[in-house]
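First up is the structure itself, then whatever we jot down about it.
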Amino acid sequence: MECKKNENKKFCNCTYPCEKKGICCECIKYHRERNELPACFFDAETEKTYDRSFEAFIEMHKRKG
Ligand code: SF4
C-alpha cells in the first residue's frame with residue numbers, strides 16, 4: 001500500500017509548519033505519545049492555538065455545548 005501523503009494533505013487542517021503533514025500514521029504516533037490528538041480533531045479556532053491536549057479537546061466541546 002502506497003502512502004497517501006499528497007491525498008491526505010488536501011484535507012489536513014494543521015497550520016503548524018511540520019514535516020508530518022499528510023503522514024497521518026506519524027502524526028498520530030507523535031501526538032499519542034504526548035497524550036495529545038492531531039490537528040484534525042480540532043476546529044479552526046482551537047487548532048490555531050497549537051494546544052493538542054485532551055483537555056483542549058474537551059474544553060472545545062464544552063464551548064460548543
Ligand atoms: S497535527 Fe502535529 S504532527 Fe500532525 S502535521 Fe500538525 S503539527 Fe505535525
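Since every read-out is calculated from the coordinates, none of them should be taken as a lab result. Since this is a predicted model, take the numbers as computed values, not measurements. FYI the Cβ positions are ideal-geometry reconstructions off the backbone, even for glycines, and counts take in every protein chain you see.
Values for this structure:
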| quantity | calculated |
| --- | --- |
| Residues of the range 19-52 satisfying the condition of being near the ligand (Cβ under 8 Å from one of its atoms) and on the phi > 0 side of the Ramachandran plot | 22, 50 |
| Boolean, residue 57 is part of a helix (DSSP H, G or I) and under 12 Å from the mean Cα position of the chain (by Cα) | yes |
| The one condition in (1) surrounded by 11 or more Cβ atoms within 10 Å (Cβ to Cβ); (2) part of a loop (DSSP other than H, G, I, E, B); (3) away from the ligand (no atom under 11 Å from the Cβ) that residue 16 fails to fulfil | (3) |
